[in-house]
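The values are calculated or read from the model by the stated rules, or taken from the named source; none is laboratory data. The structure displayed is predicted, hence computed values, not measured ones. Neighbour counts run over all protein chains shown; Cβ positions are idealised from the backbone, glycine included. Accessible surface areas use protein heavy atoms only, side chains included; no ligands, DNA or RNA. Shrake-Rupley method; radii C 1.70, N 1.55, O 1.52, S 1.80 Å.
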Amino acid sequence: MESKPQFKFFIVDDDIFCANIYEQYLLNQDFTDVTHFSNGNDCLDNLDLNPDIIFLDYDMGDLSGFEVLKKIKHQNPNIYVVMVSGQENIVIAVDALKHGAFDYVVKDNAVCEKLTNIIDKIHHVKIALNKSNPNIAKRLLNIFL
């Protein structure tokens, strides 16, 4: 039987209520390494902690989610960034994916279940990458760095 993966999570959201819901949900799912940042700059300043997955709010005061996403991907393209937003605009979702987001989730009553599904997808992607060729991602990334 496959063991439950452990990931390091960053939650970046200026809405403390939403951030607390996501954090508590992840802790209830037996994930233990969850850090919340209330703005994009604090997240960027702590990327040296090497998070695996970042749940990033689209609409924040200091920097937009797109600006933070671009900077995260420039600094470490291996981080899985999931844009989480109240915006249901398809153009925003497509732009997030174009800028390197792994997925885009609309904040609604089922947001936590959606996050769990995305975590499962990320886990399966990581397994597939390791099985196909564990060094291919590193080699491809070195071409662009």
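Observations
- Cα gyration tensor shape of region 1-52, rounded if a/c is under 1.5, else prolate or oblate by comparing a/b with b/c: oblate
- Longest site-free stretch - the chain; sites: GluC sites (Glu not before Pro), DSSP loop, at most 14 other Cβ within 10 Å: 3-87
- These residues, THR116, THR32, go from largest to smallest accessible area, 1.4 Å probe, as THR32, THR116.
- Computed on protein heavy atoms with a 1.4 Å probe, the accessible areas place HIS36, HIS124 in the order HIS124, HIS36, largest first.
- Surface composition of the chain: carbon and sulfur make up 52 percent of the accessible area, probe 1.4 Å.
- Positive-end residue, region 1-81 charge dipole about Cα centroid, Cβ charges, pick of SER64, TYR22, PHE9: PHE9
- Only Cα sites of the chain enter the Debye sum here, all with the same form factor; the resulting log10 I(q)/I(0) across q = 0.12, 0.15 1/Å is -0.47, -0.75, listed in q order.
- About the Cα centre, charge dipole magnitude for region 52-136 (Lys/Arg +1, Asp/Glu -1 at Cβ), debye: 440 debye
- Annotation: amide H-H contacts under 5 Å for MET60 (H modelled 1.01 Å from N, sequence separation of 5 or more, or interchain): GLY65.
- With all protein chains kept in place, the per residue accessible area of region 1-112 amounts to 51 square angstrom at a probe of 1.4 angstrom.
- Computed helical MRE - 222 nm, the chain, DSSP H runs ≥ 4 contributing -39500 (n - 2.57), nearest 500: -15000 deg cm²/dmol
- Nearest-20 debye value, the chain charge dipole, Cβ charges on Lys, Arg, Asp, Glu: 920 debye
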